[in-house]
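Notes follow the structure.
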Amino acid sequence: MPHECISVFDIFKIGVGPSSSHTLGPWRAAMRFVDELNMAGKLPDVIQLSVLLYGSLAKTGHGHGTDIAVQLGLSGDDPVTFDVNRINSKIDGIRRDRKLQLNGRFEIDFDPVEDIDFLFEESLPFHPNALTFLVTLRNGEQLAATYYSTGGGFVVKEGETSGGGSQVDLPFPVDTARQLLQWCIKTGYSISEVVLENEQAWRSEAATKEGVLKIWQVMQECIYRGCHTTGELPGGLKVGRRAASLNKKLLHGRTYSDYASWVDAIRAGGQHFSYTLDWVSCFALAVNEENASFGRVVTAPTNGAAGVIPAVLQYYITFCDGLHPEKIIQFLLTASEIGSIFKKQATISAAMGGCQAEIGVSSAMAAAALTECLGGSQRQVLMAAEIAMEHHLGLTCDPIGGLVQVPCIERNTMGAIKAITASQLALQSNPELAKVSLDAVVKTMWETALDMNSKYKETSDGGLAVNIPLSLPEC
């Protein structure tokens, strides 16, 4: 595989739910296509535009809002800053008027029903998540561009060789866990310190730390919002939100006014096992209920798995006294490096590898990060990541109704709990005696992905997606 230089901000992206590969990726692809037309001076001359969605994007595109994301991207709206409360009104307006403002400036006729084509039986060989933009210019010239959403919001254009990471000269290039460990041994650095040094190839250390804390702020706001929002998730499954009621139940009437006092109120309940376990589940549920509702989330490394890392980090903050900026930065830097190794050597796309590539990877990332923050050695950190992934191998992606709800939301709670368990196991173990390395489990995950039947890869053609009537509740 070609070398990729992947930043912490490539792994952790601020965006909109419900899917990084089916929502955020197509959104960014549409924005990129419009930018390329604009740079070529051809955007004002577009008179007709259509979009072709292939493979997994077609089969679960409606449930994941791929058509919505494409329209917003073509309109020039940024997923990082666009007001998620305006999504419905904006899309309703395009559908009603059959008009679209390219890049917010150039109006064209556009009917989403006719001009977004879901090609359910067609798939392109490079990646299942493919979309093509077709335009006609005033002079009759026709243009086409194909993009691939490769997971985690990464986008590759047809003909590009890069996997999505920018190319810079890193002081400590890492493609494998073995290389990462070698740099740690050579320098004496922790994994997070290696990452922080590499990040200076893109920006100053201060800018990296500020950006990472911004990532945590978005995660934190997502958890808090999800723990205080009731109602039913969109999409037709009639799945009720559970985080808010669980939050209320666990607090037993303790009062608070903001995030900080909320954390204090949670801590006041003690640290017995079932109580802690319930809160980890609550944190994860909160994030993925927000994700399923087209809320603002952080890919970690994907939207479908967005709840695992915030839940484990919130657990660390709440129950392990981790509410310190430097520890939060350490946690997210460590997690990002583990995610980048999976991205380079395997995949973080469920359409390529099933849910092992999403929940499994996020659990490995969280396990590693928690282990470093709790004082584990570099080898124990890698061991924790290996344990977490080892027990997600073969996990399929079979969303009911093509929605990131059942079983996706609960899977985030399981991934978070497994991450904490993997961390505890690693901290109580001698890595020198381990039989399986992280590189071996990454290789195994990729081989498993290649062998997995395509119906278990985010197509809703197999598993729970075909065995559960849509009228049934989640549990």
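The values are calculated or read from the model by the stated rules, or taken from the named source; none is laboratory data. Small disclaimer: the values here were computed from a predicted structure and weren't measured. All Cβ positions, even for glycine, are placed from backbone atoms using ideal geometry, and neighbour counts span all protein chains on display.
Could you tell me whether the range 332-352 includes any residue that is buried (at least 24 other Cβ atoms within 10 Å of the Cβ), touching a residue at least 12 places away in the same chain (Cβ under 8 Å), part of a helix (DSSP H, G or I) and among the basic types (Lys, Arg)?
yes
Pull up the range 257-291, narrow it to residues that are part of a helix (DSSP H, G or I) and of a type in the set (Ser, Thr, Tyr), then point me to the one that is surrounded by the most Cβ atoms within 10 Å (Cβ to Cβ).
Ser281
Any idea which residue in the range 35-73 is modelled with the highest pLDDT, counting only those that are assigned to a loop (DSSP other than H, G, I, E, B) and closer than 20 Å to Asp398 by Cβ?
Among those that are assigned to a loop (DSSP other than H, G, I, E, B) and closer than 20 Å to Asp398 by Cβ, it is Gly65.
Against the condition hydrophobic (A, V, I, L, M, F, W, C) and surrounded by fewer than 24 Cβ atoms within 10 Å (Cβ to Cβ), how does Leu49 come out, does it pass?
Considered against the rule, which asks whether it is hydrophobic (A, V, I, L, M, F, W, C) and surrounded by fewer than 24 Cβ atoms within 10 Å (Cβ to Cβ), Leu49 comes out as yes.
In the list Gln200, Gln182, which residue meets the criterion of being surrounded by fewer than 16 Cβ atoms within 10 Å (Cβ to Cβ), without any contact (Cβ under 8 Å) to a residue 40 or more places away in the chain and farther than 14 Å from Phe9 by Cα?
Just one listed residue meets the conditions, Gln182.
Here are some residues: Met389, Met414. Which one is surrounded by fewer than 24 Cβ atoms within 10 Å (Cβ to Cβ), assigned to a helix (DSSP H, G or I) and either modelled with pLDDT of 95 or more or not assigned by TED's automatic domain parsing to the domain that holds Gln345 (or both)?
On inspection, the qualifying residue turns out to be Met414.
Out of the residues in the range 203-235 that are in contact with a strand residue (DSSP E or B) (Cβ under 9 Å, 6 or more places away or on another chain) and not in a helix (DSSP H, G or I), which is surrounded by the fewest Cβ atoms within 10 Å (Cβ to Cβ)?
Gly231
Do we have Gly236 as touching a Gly at 6+ places or on another chain (Cβ under 9 Å), modelled with pLDDT under 95 and assigned by TED's automatic domain parsing to the domain that holds Gly402 here?
Yes.
Got a number for residues in the range 303-318 being part of a helix (DSSP H, G or I), touching a Phe, Trp or Tyr at 6+ places or on another chain (Cβ under 8 Å) and touching a residue at least 60 places away in the same chain (Cβ under 8 Å)?
5
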